[in-house]
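Down below is the structure, laid out as structure tokens.
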Amino acid sequence: MDLFDILISASFWAAAIRIASPLIFATMGELVCERAGVLNLGIEGIMVAGAFAGWIAVWAGLPLWGGVAVAFAVGMALGGVHGILSVPFGLSQHVVGIGMTLLATSLTFYTYRVVLPEVSSPPKIEAFQAFEIPFLSKIPVLGPALFAQTPLTYAAFVLVIVTSLVLYRTPLGLAVRAAGENPSAVAAQGLSVTAIRIGAVMVGSGFMAVGGAFLTMSAFDSFFFDMVNGRGWICIALVVFGAWKPGKALLGAILFAAFDAFQIRLQQTPIGAVVPYQVFLMMPYLLSILALVVMSRRAEVPAALMVPFNKGER
Amino acid sequence: AAEPLKVAGIYTVPVEQQWVSRIHVAAVAAQDRGDIAYTYSENTSNTDYPRVMREYAEAGYDLIVGEIFGVEAEAREVAADYPDTAFLMGSSFKEDAGLPNLAVFDNYIQDASYLSGIIAASMSEAGNIGMVGGFPIPEVNRLMNAFMAGAREINPDIAFQISFIGSWFDPPKAKETAYAMIENGADVLYAERFGVSDAAKEKGVLAIGNVIDTQADYPDTVVASALWNFGPTLDAAIAAIRDGSFVAADYGVHSFMAAGGASLAPFGTFEGKIPQAALDLVAARAAAIKDGSFVVEIDDTEPKSS
Amino acid sequence: MTGAEPAHPVLRLSDITKRFGALTANDRVSFDLARGEVIALLGENGAGKTTLMNILFGQYTADAGTVEVFGRILPPGAPRAALDAGVGMVHQHFTLAGNLTVWENIVLGAQSLTALSLKPREVKARIRDLSQRFHMKVDPDARVGRLTVGERQRVEILKALYRDAKILILDEPTAVLTPQETDALFATLREAIAQGLSIVFISHKLHEVMAISSRVIVLRHGRLVAERRTEQTSREELAALMVGAEVTAPEIRPSTPGAPLLSLAAVTTAGIGSAPGLDAVTIDLRAGQITGLAGVSGNGQAALSNLISGLTLPLSGEMRIAGQPVGDWTPRMAIGRGVGRIPEDRHRTGTIADFTLTENAILETYASQFARHGWMDWQAARAHAEEMIATYDIRCPGPDVRIRLLSGGNMQKLILGRVLETGPQIVLANQPVRGLDIGAVNYVHGRLAEARDKGAAVLLISEDLDEILRLSDVIHVISEGRLSPAFPRGTMRPEDLGQWMAGHGFEEPAHAS
Amino acid sequence: MRLEPIANPTLPRRTLPPALALIATFAVAALLVMIAGGNPADVFGLIFKGAFGSKFALLETLNRATPLIFTGLAIAVAFRAKLWNIGAEAQLYAGAVVTVVLGTGALPLPAPILLPLIAVAAMAAGALVLFIPALMKTRFGVDEVVTTLLFNFIFLLFVSYLLEGPLKDPMGMGWPKSARLVPEARLPRIIEGLRLHWGFGLALISAAVIWVIDAKTTLGFEMRAVGQNAEAARFAGIPVTKVILKTAVLSGGLAALAGFSEVAGLKGSLTLDLSPGYGYTGIVVAMLALLHPAGVVVAALFVAAIFVGADSMSRAAGVPSYIADIMLATALLLMVLAILLTKFRVRRD
Ligand SMILES: Nc1ncnc2c1ncn2[C@@H]1O[C@H](COP(=O)(O)OP(=O)(O)OP(=O)(O)O)[C@@H](O)[C@H]1O
Ligand SMILES: Nc1ncnc2c1ncn2[C@@H]1O[C@H](COP(=O)(O)OP(=O)(O)OP(=O)(O)O)[C@@H](O)[C@H]1O
Ligand SMILES: [Mg+2]
Ligand SMILES: [Mg+2]
């Protein structure tokens, strides 16, 4: 297939959107955390936990959306731990994040092994199926790419809109944005920086967990160790790439996913026969860095990101 | 009956991984028979591997099973330090007479893979087969190459699309890769990784299994599978330890079809849907392999798309 | 609302005591505030003014004592309750989020967090209404990060007014304002008083205190030591009450200028953020002379200061030091060429908060004087710091204390010492007494004059015309990056300078003397 | 809630929180062991035995601590200058790659010359790997948290390419791994017959060197100044950009030594899974140590002991070995909290 043909094919963009979906959830989650001033390096582990929790809940008999809710709740709980350690106690967000990733991952694996001690391949669930939106899915190229996805993908897009609306159009979002920029501005208005930040980390972590659950409940239908495979870390880059704005971050996620979908297809072209496959796998990362260099000057980092706030001190 | 042997497995991946799962299943079966008492450590990184070997050896295990592809030299040092413990290790190297307590094996199921390739080619109308692998390591390459050789016997011009996803456990990624291959014309997929058969199932094309039999999960998709049965390998080791004859040896032969270590899975739902010509060829090759008149080449080099 | 009866003050502090460890920051402080009254709170740096206001506003919890607003005791430690009771506070350090717009900052926390909309249109209309009523010009849609200090100040006040504050607390609101901005602020405050608000006002500038307050309360070491009606007191008395002794300003004698030590010829530099750069500036800084640079902040002072400090290079034009053109130019080279620099912001630029006094003392000279072949001589550094503590009267527990714990005045003394002890040829003093109490101000001024007398060329950048007029041997005004001619001591009245500061007089091309 | 510094913490104040953190960690482990069907009563004994109970166990703990000392130091150095190096993993592999390139026979030199040469070259490679993100930070203002993080993936893929391509052991039967080092390129054992190698010694020496740099040299002073307040440092004449780049070189070099030590001291060859996340764990080690080099050694030993002990315990108790990682994570999180509580008091208001 010609490279250009690939780029204009509906199936390619459908793949890009599919690959992007879990990233969109988790990126929105990370974005919410960082907007409130907390870098959440627990993302990778929280996604693992969410992937497992949603899947096992459905396996145990819950409906699919029930599984999503369970994943969200598990993410919230882990986010709560992250929040308590990093906000009122002000512990290093790097340490808490890495510790949370280790904790969430190992707890998940442990739970998996305790629940399913003797299996040679993990059980499958009836995952979300693609749902063609009437009419819209008939639009050429765009239709099959955008409107023949699973409900969870649609939810990812809705989440971007909701995140955006809440952040920019509601008092709560205003407080979150202020907490990430200058927490004393929030405290001086009688609002609790601690509560806002912990809340943001919890909700954001919930989104991350749903991103993980996408992998086991939409992209695939069972859970494997290590299946999150670094996607969480990508989302941290995507937040920066998106300059902490939901819309741009969404764009970044789709772009990254498009590169991923593209490299998969590129491997089957004549180029693929001569270039080592690692080069293709590297491509999305390299392009992210390149994009960061190009974008860097304009991005506005939340000023209080990674800065703990303690009422007693200035 | 005699005291069960104390057997420990050390795996660098979770026991769900196909390759390891065959060892695990065989060991559990042996335990259920009462032959061994079995325990295992999974997801042990190569950094920790020698330490874990030592711990089991120190704890007095009779037999340690596992995979030392990444730690060949260190593992041999450990084996040398514990001459009374038998080590049966997946390894790319041959046994070493100077290290009598370490025997090697691998999944030499190229015979079955070859046969599954014949079937794959016969089922592919497009003459285009997609193959998704984790990493191009010897035992993956070996089976892919045998599969491709078998397929070419039916259709010398058949095209192969080959991709490695750089992970053992990323079914969504494997699935996406498989989708791309189907878009690109593949109508039969070689399912080296989890996720590939799922893509085939969704897109209504066929898949060929590898190492394990997954037809029950994909009844209308998985046509045939090249199975690995670790039982003969393990049983041979247990017997050897029991009668004190365990020595450095290449247990890989126990994975050959002739030894019952490899087989083509029953066609099950695809019974009667495979062209007779292919079935005849499979039968002929299988017989020739068993009597030694046909040898499937062992080729560990990285396969390339064609 | 009817006029408050004298028996019912709008605010009553009773026996407020607050300790920080061993230190008693407020010691049984009590006072009342009546409706429509302005109380000025005076005291040296560290006297406990901010602490007291933070307690009143609920940001700190008092160890003892109560805060009563409109007859009701506020729960301790709850800014929310204070806000709801009608207390608004403008903090010494602004509490604004730079990434948000003016209206967003104002409405932050004023609406229920569960509300589904910010109602921007209503909010902005209300802000416009308020800004009209109180004579404060702001653009509700401007991003706060881009505003000048004066504008930010207005946003802070609007924040309080937006919440219907009846009591306004202003902690050093004028410390960073230009005289014009201060005037505008006072106009607003008078309007507020007229509309029934009551105000607590903190400032180190006694003329402001005299101008705006009706009553003055003086704190010393956390205790309320005096209370005066403004019309019955004088600046001299207040100064003495604050310090606890007679205060005399250093006498500044006229000087005889020498050769130019630093000169700029038609220098143009890049702007900094929204502030302009220098626009073909020509100036000579002469030995034995204090050159005052007056001007509204944000007119190129930062550009000039950065240039002299070694942080930037001219885009065009030439800078000479002692007649030698400078080529490569870095802060380290500036120090090497004898340029001593007192930066505008002692917290951000002048010191490293978590470094010890010793480390801060050698920050500019560690490589040249306290290290050999890359090895630090900490013993010498410490000895040097001890010497500086003694010479410059830095009040502190010792050379190992983290600089963060020093008061602004003592921090400034350290910076001053760091600059002066190398015997600089050229001294750049950018806002050297901002936020300092009278005693500290006098000290810094005295030392600057002393440096001049020893032959240094001093450039004093300040927005405080009093300070400029008192200290400078020659004055320039800067506006939009352009420089006025030099006005020798005694030739200009404040009003004249004000005209220049407002940009008048620049029509003709600027002539440098 | 508010944290209030304690001026002079008493002895119980300084010891009780860490002790409680440790006890809580063991309690968590015991609970998990019980859920998994093991005997919780044995947990403590088995962990202790696994980490220190025999010469073998002790040496394993020290071996495990060795790369963590290097990466911990690398992070401590970088974080002090507020250079957020999350890419120690990549730098570690850079060191390992160079060790393999130079140590597999390319240079026919005797050990006393070859080993230092390799070590220096490895450091240079690690330095380079961090230098690039540092340069992007100073030049373009690109956030190094992200770039160093992404570099980990890129570099690992690069190593994967090398191991399947140019560096693949021709005698390795196709498995992606490098050839073995020549004996001259191997770090000798500290005591013959025991598995502990001179990499551990080198780690201790590195810690001492960093300590000296921090406390006694102008570079240490500059790095701290830049980390605490770059603007003030620049104003005072400290060449901030240069200092950041120097910090990057030092940090990347230290991380690379972890790779050098693992390959030359322990493994003798390079595989793709050389490091089970030492680069990331180094961050935790450094923070536990409050970025102090001596603390890094202690923290690395602590982390290693918990992991080795708990891993061994899980085998002895017949429960999933993931408990070891859970314990490690719990211990880390609770211990950083405990260290905070030795210096601060929690006040409610
Ligand atoms: N958060 C704090 N922790 C410990 N001590 C403090 C704290 N805040 C203030 N102090 C102490 O309280 C005293 C009073 O400080 P405060 O800030 O109230 O002074 P101030 O009168 O506002 O000074 P200035 O005129 O410089 O603003 C100081 O000497 C200081 O030692
Ligand atoms: N976190 C703190 N811990 C202890 N003391 C503090 C703390 N913050 C401030 N202080 C004390 O508060 C006093 C006043 O602090 P502040 O910073 O208001 O000084 P300042 O003279 O007003 O300086 P500036 O006007 O430059 O801000 C100082 O004496 C300082 O010791
Ligand atoms: Mg104050
Ligand atoms: Mg002050």
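Numbers for the structure displayed
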read-out: Residues located in the range C:107-140, provided they are among the acidic types (Asp, Glu) and more than 14 Å from chain A (Cβ to nearest Cβ); value: C:Asp129, C:Asp139
read-out: Restricting the range A:244-284 to residues that are outside any helix (DSSP H, G or I) and at pLDDT 90 or above, the residue that is farthest from the other protein chains (Cβ to nearest Cβ); value: A:Lys245
read-out: Residue in the range C:397-407 that is in contact with a Pro (Cβ under 9 Å, 6 or more places away or on another chain) and either surrounded by fewer than 24 Cβ atoms within 10 Å (Cβ to Cβ) or within 22 Å of C:Leu261 (Cα to Cα) (or both) present; value: yes
read-out: The range A:198-233, subset away from chain B (no Cβ under 11 Å) and aromatic (Phe, Trp, Tyr), residue surrounded by the fewest Cβ atoms within 10 Å (Cβ to Cβ); value: A:Trp233
read-out: Unmet criterion (only one of (1) within 16 Å of ligand 1 (Cβ to nearest atom); (2) buried (at least 18 other Cβ atoms within 10 Å of the Cβ); (3) touching a residue at least 24 places away in the same chain (Cβ under 8 Å)) for C:Leu33; value: (1)
read-out: Answer from C:Gly43, C:Gly48, C:Gly77 - the residue that is small (Gly, Ala, Ser) and away from ligand 4 (no atom under 16 Å from the Cβ); value: C:Gly77
read-out: Hits in the range C:67-99 - residues which are surrounded by fewer than 19 Cβ atoms within 10 Å (Cβ to Cβ) and either among the charged types (D, E, K, R) or part of a strand (DSSP E or B) (or both); value: C:Glu68, C:Arg72, C:Ile73, C:Arg80, C:Asp84
read-out: Residue match in the range C:57-66 (condition: within 19 Å of C:Arg215 (Cα to Cα) and either within 12 Å of another protein chain (Cβ to nearest Cβ) or away from ligand 2 (no atom under 13 Å from the Cβ) (or both)); value: no
read-out: Tally, over the range C:413-447, of residues that are within 17 Å of C:Leu471 (Cα to Cα) and outside any loop (DSSP other than H, G, I, E, B); value: 16
read-out: Sole exception among (1) modelled with pLDDT of 95 or more; (2) within 30 Å of B:Asp299 (Cα to Cα) for D:Lys168, by number; value: (1)
read-out: Residue count for the range C:71-105, restricted to those that are among the aliphatic types (A, V, I, L, M) and facing another protein chain (nearest Cβ under 10 Å); value: 9
read-out: Residue ID - farthest from the other protein chains (Cβ to nearest Cβ), chosen from residues in the range D:142-160 that are under 17 Å from the mean Cα position of the chain (by Cα) and polar (S, T, N, Q); value: D:Thr148
read-out: D:Arg189, sole failed condition from (1) crowded, with 24+ Cβ neighbours inside 10 Å; (2) among the basic types (Lys, Arg); (3) away from every other protein chain (no Cβ under 11 Å); value: (1)
read-out: Lone unmet requirement of (1) surrounded by fewer than 22 Cβ atoms within 10 Å (Cβ to Cβ); (2) within 14 Å of chain D (Cβ to nearest Cβ); (3) within 29 Å of the chain's Cα centre (by Cα); (4) among the polar types (S, T, N, Q) for C:Thr351; value: (1)
read-out: Search result, residues across the range C:279-298 that are crowded, with 22+ Cβ neighbours inside 10 Å, within 23 Å of the chain's Cα centre (by Cα) and more than 18 Å from C:Arg452 (Cα to Cα); value: C:Ala294, C:Gly295, C:Val296
read-out: Among residues of the range C:36-49, those that are surrounded by 23 or more Cβ atoms within 10 Å (Cβ to Cβ) and not in a strand (DSSP E or B), counted; value: 3
read-out: Matching residues, the range D:211-247, being among the basic types (Lys, Arg), at the interface with chain C (Cβ under 9 Å from one of its Cβ atoms) and touching a residue at least 12 places away in the same chain (Cβ under 8 Å); value: D:Arg224
read-out: Qualifying residue in the range C:444-451 (condition: under 29 Å from C:Ala322 (Cβ atoms), within 16 Å of ligand 2 (Cβ to nearest atom) and within 15 Å of the chain's Cα centre (by Cα)); value: yes
read-out: Count of residues meeting criterion [over 20 Å from C:Asn442 (Cα atoms) and buried (at least 22 other Cβ atoms within 10 Å of the Cβ)] in the range C:200-216; value: 4
read-out: Of all residues making up the range C:400-440, the number that are charged (D, E, K, R), touching a Ser or Thr at 6+ places or on another chain (Cβ under 9 Å) and under 26 Å from C:Ala383 (Cβ atoms); value: 5
read-out: Filter result (within 16 Å of ligand 4 (Cβ to nearest atom) and touching a helix residue (DSSP H, G or I) at 6+ places or on another chain (Cβ under 8 Å)) within the range C:411-433; value: C:Met411, C:Gln412, C:Lys413, C:Leu414, C:Ile415, C:Pro432, C:Val433
read-out: Residue tally, condition over 23 Å from B:Val78 (Cα atoms) and buried (at least 19 other Cβ atoms within 10 Å of the Cβ), over the range B:26-59; value: 3
read-out: Residue within the range D:270-285 that is in a helix (DSSP H, G or I), hydrophobic (A, V, I, L, M, F, W, C) and either away from chain A (no Cβ under 12 Å) or more than 22 Å from D:Leu62 (Cβ to Cβ) (or both) present; value: no
read-out: Verdict on D:Leu290 being part of a helix (DSSP H, G or I) and not hydroxyl-bearing (Ser, Thr, Tyr); value: no
read-out: Subset tally (residues that are more than 14 Å from chain D (Cβ to nearest Cβ) and away from ligand 2 (no atom under 12 Å from the Cβ)) for the range C:418-440; value: 8
read-out: Selection from the range A:285-314 of residues that are modelled with pLDDT under 80 and within 23 Å of A:Thr27 (Cα to Cα); value: A:Met295, A:Ser296, A:Arg297, A:Arg298, A:Ala299, A:Glu300
read-out: Residues of the range C:23-42 satisfying the condition of being farther than 17 Å from C:Val67 by Cα and either away from ligand 2 (no atom under 16 Å from the Cβ) or in contact with a Ser or Thr (Cβ under 9 Å, 6 or more places away or on another chain) (or both); value: C:Thr24, C:Gly36, C:Glu37, C:Val38, C:Ala40, C:Leu42
read-out: Residue check, C:Arg434 within 16 Å of ligand 3 (Cβ to nearest atom) and either in the same structural domain as C:Val474 (by TED's automatic domain parsing) or modelled with pLDDT of 95 or more (or both); value: yes
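The values are calculated or read from the model by the stated rules, or taken from the named source; none is laboratory data. Nothing here was measured: the structure is a model prediction, and the numbers come from that model. We place every Cβ from the backbone using ideal geometry, glycine too, and count neighbours over all the protein chains shown.
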